[in-house]
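As structure tokens, the structure follows; a few thoughts come after it.
Derivation of every value follows stated rules applied to the coordinates shown; laboratory data play no part. Treat the numbers as computed from the prediction; the structure is a model and nothing was measured. All Cβ positions, even for glycine, are placed from backbone atoms using ideal geometry, and neighbour counts span all protein chains on display.
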Amino acid sequence: MPLSDLRTAFAGRLLTEPADTAPFLTDWRRKWTGRALAVVQPDTAGDVAAVVRWCHAQRVAVVAQGGNTGLSGGATPDDSGRAVVLSTARLNRVRAIDPVGNTLTAEAGVTLQQVQDAAQEAGRLFPLSLAAQGTCTIGGNLATNAGGVQVLRYGNARALCLGLEVVTAGGEVWDGLRALRKDNTGYDLRDLYIGSEGSLGVITAAVLQLFPRPAAQLVAFVAVPSPAAALALLSLAQSQLGAALTAFELISDTCLALVERHVPAARRPLADASPWYVLIELSDARSEAEASAQLESLLEAALEAGHASDAALSASVAQFRSLWALREDISESQGAEGPAIKHDIALPIAQIPGFIESTDALISRYFPGLRLVVFGHLGDGNLHYNLSPPAGGMGRAAFAALEAPVNHLVHDAVHAHGGSISAEHGLGLLRRDESARYKSGVELQLMHAIKRALDPLNLMNPGKLLAPDSNP
Ligand code: FAD
């Protein structure tokens, strides 16, 4: 391959030394490692187009990569060594902010934290928020349609994007950077590229939607007797708080105990243990006093109705952060216990208590001793239904051998309850084949038809999201 041609085709960096390329060839969880002809870091959308045109001419695959924090193996090249990894690290400019139209235009490689900070400087809020925000990029967020902790109020990445600039698989720049809330002029190309995990083209910039900053943010940590009670409390909170309800998270006592064990600063906020808890965030209120009154009135009603047995309210920013930390530290605390089998699933919200009860029973029947570590964004119908080895321990190989049958059991149960086996993290390599098992023939045919139409040579992140050789 005449890499020297590629070197001269664009401005920006081209990395070929193993020491330079290594960080781009392994995923965040260190589950997948691939090889690549080179890693390129173009400076502009025009540069990205030049790289893609070179790859097109040479029949070389293009693997787009942002912050490389994806959890499904989507940004890692395969081991053929024939792909170019296209890192968006140097597409790092905020191009414009419009505080009247409430929009911000950012290049794909701007980190989520930088977008939030730029919005804040302009007196606005960009509400997408997740634990990897210091590293993940807005391009990656859109390519995976990321969720996070405020989806209940503001929606996921798709809902926060008005327009896109994309380099197509043929190496052309599509300028769809429209700052329009209404645009009914045919097929929605923006929505095709959002969530396509680099399999249709490379996102180079986006117009994002901003919001007014809330005057106050409060959080309550509430003990609830069961997931059914948590659901009843969610319904009450929606009625009483309306749009001020920003997050509603479910946490099992097993999760809280893990955080208590592994995070030295963590303190249980309530005197007595309860099988389940919810964390409720209220924002958007006009003042701190009003927010407090609203939350207190909700909790009184919940205690009276038997949906809750106890509650603690944040009375300062420090308390707000420490209550949220109990939720955010669960993944890391589970990791500190050793390997885990994880499921990022979505369910119709009303089905969640029934799903938990029946799936827990199946797990304890067929895989006795495995510990259930269940938490998630209850308000979005998104559960992290995870498992850890038995408390007494289990050999790594024996636990790893359980992963496929446990996945099968859990995902069959998700499907039976009308759910989805990937709520936030996409398919990548991790869930590609399992997803195909649960989609209808018609749905798969339509997806393959879109892929063939927009990427006829199958060069955009081949083998991710859709199996490469199936052609139904
Ligand atoms: P990458 O990992 O680089 O890429 C992800 C996929 O997008 C790949 O398929 C890649 O090819 C494609 N891609 C990247 N950039 C582009 C582009 N410019 N154009 C086209 N395709 C592109 N996710 C959630 O949804 N919610 C969470 O709460 C959440 N929490 C997390 C917490 C931690 C600690 C970690 C490590 C991850 C978490 N994630 C979460 C997953 C991850 O952060 C998101 O999927 C994020 O959106 C990925 O962004 P990235 O820039 O790192 O993308």
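What to note about this one:
- Matching residues, the range 404-436, being more than 19 Å from the chain's Cα centre (by Cα) and under 30 Å from Leu142 (Cβ atoms): Asn407, Val410, His415, His417, Gly418, Asp433, Ala436
- Any chance Gly155 is within 22 Å of the chain's Cα centre (by Cα), within 11 Å of the ligand (Cβ to nearest atom), among the small types (Gly, Ala, Ser) and more than 26 Å from Arg452 (Cα to Cα): no
- In summary, helices (runs of 4 or more DSSP H) completely within the range 295-413 and bearing 3 or more residues that are of a type in the set (S, T, N, Q) occur at 330-336, 352-366.
- Checking each residue of the range 44-62 against the condition of being over 17 Å from Val202 (Cα atoms) and within 15 Å of the ligand (Cβ to nearest atom) gives no match.
- Taking the criterion of being free of Cβ contacts under 8 Å to residues at least 60 places away in the same chain, within 14 Å of the ligand (Cβ to nearest atom) and more than 25 Å from Leu71 (Cβ to Cβ), the residues of the range 158-189 that qualify are Trp174, Gly176, Leu189.
Conditions tested, residue by residue: (1) within 14 Å of Gly426 (Cβ to Cβ); (2) polar (S, T, N, Q); (3) crowded, with 22+ Cβ neighbours inside 10 Å.
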{"residue": "Ala36", "(1), (2), (3)": "no, no, yes"}
{"residue": "Val40", "(1), (2), (3)": "no, no, yes"}
{"residue": "Val48", "(1), (2), (3)": "no, no, yes"}
{"residue": "Cys55", "(1), (2), (3)": "no, no, yes"}
{"residue": "Val60", "(1), (2), (3)": "no, no, no"}
{"residue": "Ser72", "(1), (2), (3)": "yes, yes, yes"}
{"residue": "Ala75", "(1), (2), (3)": "yes, no, yes"}
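- Candidate set from the range 88-110 (those that are of a type outside the set (A, V, I, L, M, F, W, C) and near the ligand (Cβ under 8 Å from one of its atoms)); member that is farthest from the chain's Cα centre (by Cα): Thr88
- Pairs linking a residue in the range 311-333 that is within 18 Å of Val224 (Cα to Cα) to a residue that is of a type in the set (D, E, K, R) and assigned to a loop (DSSP other than H, G, I, E, B), with Cβ atoms under 9 Å and 6 or more positions apart or on different chains, are Leu326/Arg267; Leu326/Arg268.
- Within the range 111-138, the residues that satisfy the criterion of being among the aliphatic types (A, V, I, L, M), in contact (Cβ under 8 Å) with a residue 60 or more places away in the chain and over 14 Å from Ala206 (Cβ atoms) are Ala122, Leu125, Ala131, Ala132.
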